[in-house]
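Working notes, beginning with the structure itself.
The values are calculated or read from the model by the stated rules, or taken from the named source; none is laboratory data. Being a predicted model, the structure only gives us computed values, none of them experimental. Cβ atoms come from the backbone with ideal geometry, glycine included; neighbour counts cover every protein chain shown. For accessibility, only protein heavy atoms count, side chains too; no ligands or nucleic acids. Shrake-Rupley method; radii C 1.70, N 1.55, O 1.52, S 1.80 Å.
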Amino acid sequence: MRTEASALAPEQTNERKAAEQTVLSVLLAISFSHLLNDTIQSLIPAIYPVVKESMHLNFTQIGLITLAFQMTASLLQPVVGHYADRRPQPYALAGGMCFTLGGLVLLSTAGNYPLLLISVAFVGVGSSVFHPEASRLAYMAAGNRHGFAQALFQLGGNTGSSLGPLLAAMIVVGPHAQGRLLWFSVAAVAAIVVLWNVGHWYRQNTFRLKPRRRPEARAGQGTLSARRVGWSLTILVALMFSKFFYLTSMSSYYTFYLISKFDLSVRSAQLYLFVFLISVAAGTFIGGPVGDRFGRKYVIWGSILGVAPFTLLLPHASLFWTAALSVVIGLVLSSAFSAILVYAQELMPGKVGLIAGLFFGLAFGMGGLGSAVLGRLADLTSIGFVFKVCAFLPLLGLLTGFLPNLEANRAPVQREKES
């Protein structure tokens, strides 16, 4: 028995060492796939003006298109993540992207409203598979740099979300605009090829999914009770509400705000929105490595509560300072998501897929709900009033003070390794 245990020890040691190494090629592959996936998703709102006119839709029907996408994209993600935690599926990412491809092809040819709803629901199903599984893959390839890995993964998605409307403005125009969506099927096919190849690596490295208890975990997070973990997750959900409701106010209504207050043209307002979305992408990437170095709780605290002075100033600023403040807000506020996601995964080791599915689902769901609620508030009051109300949302960042500091011993341990 001792000889057998001794023979297994080197293999276990090698697996542990391999699991602590960051696989940058895999991270770049899924970040690129995230860019392609979210570029395709961002085409859905881009065609609203086209289908509204061609199918004679009202705004309620337009809202139902968003609901069909958001419901499948958000509600299925925790289910997919929980199932994959129990039974990892290395090629599920490529399979999910096939749903996205099918939805995109159907969307480009849909000649009636029911088919339109079915097509966006298919894209939502693809998203519900992609996000939790790709996030799990980022966790696997991260080594000990989980914040960096999630940030690089998110960078691809945010870049795709910002590029999508610009590409749609250049391609999905003129006669037969809806049919031109088919050009984007090239992106879906490219993503399928990349994700199929990544699936080979996934299948050979499932040992990386085993929870690894580090010294700082034994000193901190291992002592948390189930009640404390539940309370911490509740706080994280509240912080997600703050972050995504504010980001929704910007992504959905910033152009209307600029047009209403500063009398800008639609084209000029869209350029200002593009600048904001690029700052969101940059901030997402910055937050991950900073969280690895200084602790995720501090990034969450600084990102959500720290952005409050800028959001409170925004409704009272001139056009120049509105643009400048929007860049700062995008950079600071977006840095929280990677930190929140990795913090939650460390709260519940071994539940990587479930946590990723839950928090990505919340992000989609809160985005859709926030858009509807804020739109209704704007109808009842004004778009300027919406921005004044949303300016107070980052004050919910005060709740971060109630989170346990999982990384209290992280810096000393890391310094000891570096020395």
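Worth a mention:
- If you sort 171, 44 by accessible surface, 1.4 Å probe, largest first, the order is 171, 44.
- Convex hull of Cα atoms in the chain, direction-averaged projection (nm²): 21.3 nm²
- Whole-Hz Karplus values for segment 69-82 come out as 5, 5, 5, 5, 6, 9, 6, 7, 4, x, 5, 4, x, 5 Hz, taken residue by residue from phi with 6.51 cos²θ - 1.76 cosθ + 1.60 and θ = phi - 60°; glycine and proline positions read x.
- Taking every protein chain into account, the 1.4 Å probe leaves residue 316 with about 140 Å² of accessible area, to the nearest ten.
- Its residue count N fixes a reference of 2.2 N^0.38 Å for segment 262-412, and the Cα radius of gyration divided by that reference is 1.15.
- Lysine pair count for the chain [Cα-Cα under 25 Å; pairs on different chains or 8 or more apart]: 13
- Scoring 307-313, 238-244 by mean Cβ neighbours within 10 Å over their residues and listing the highest first yields 238-244, 307-313.
- Centre-to-centre, using Cα atoms only, segment 48-92 and segment 362-394 are separated by 20 Å.
- Descending by average beta-carbon neighbour count within 10 Å, the peptides 64-74, 136-146 line up as 136-146, 64-74, the highest first.
- Accessible area per residue for the chain is 44 Å², calculated with a 1.4 Å probe on protein heavy atoms, without ligands, DNA or RNA.
- For segment 297-370, the pair-distance distribution built from all alpha carbon pairs, in bins 5 Å wide starting at 0, is 3, 15, 18, 19, 19, 12, 7, 4, 2, 0 percent.
- Distance between modelled label sites at residue 389 and residue 83, nm, 7 Å Cα→Cβ extension: 3.8 nm
- The portion of the accessible surface of segment 256-328 made up by carbon and sulfur, rounded to a whole percent, is 74 (1.4 Å probe; DNA, RNA and ligands excluded).
- Between helix 336-347 and the chain: long-axis angle, C-alpha atoms, 0 to 90°, nearest 10: 40 degrees
- Global geometry of segment 118-211, whether rounded, prolate or oblate, following the gyration tensor of its Cα atoms and the 1.5 cut on a/c: prolate
- Among 284, 109, 159, residue whose mean-square fluctuation peaks in a GNM of the chain (springs only between Cα atoms under 10 Å): 109
- Per-residue ellipticity at 222 nm from helix content only, as computed over the chain with -39500 (n - 2.57) for each DSSP H run of at least four residues, stands at -26000 deg cm²/dmol.
- Between segment 128-203 and segment 233-308, the alpha-carbon centres lie 20 Å apart.
- For a paramagnetic label modelled on residue 379 (point 7 Å from Cα along Cα→Cβ), amide N atoms under 17 Å away belong, within segment 27-59, to 57-59.
- Prolate/oblate/rounded label for segment 261-328 (Cα gyration tensor, a/c 1.5): oblate
- Each of the peptides 338-348, 97-107 was scored by the mean count of other Cβ atoms within 10 Å over its residues; in descending order, highest first, they stand as 338-348, 97-107.
- Couplings for segment 42-47, taken from phi via the Karplus curve 6.51 cos²θ - 1.76 cosθ + 1.60 with θ = phi - 60°, read 5, 6, 4, x, 5, 9 Hz in order; Gly and Pro are left as x.
- Estimated at 0.36 nm per residue, the fully extended path between residue 55 and residue 266 surpasses their Cα-Cα distance by 73.6 nm.
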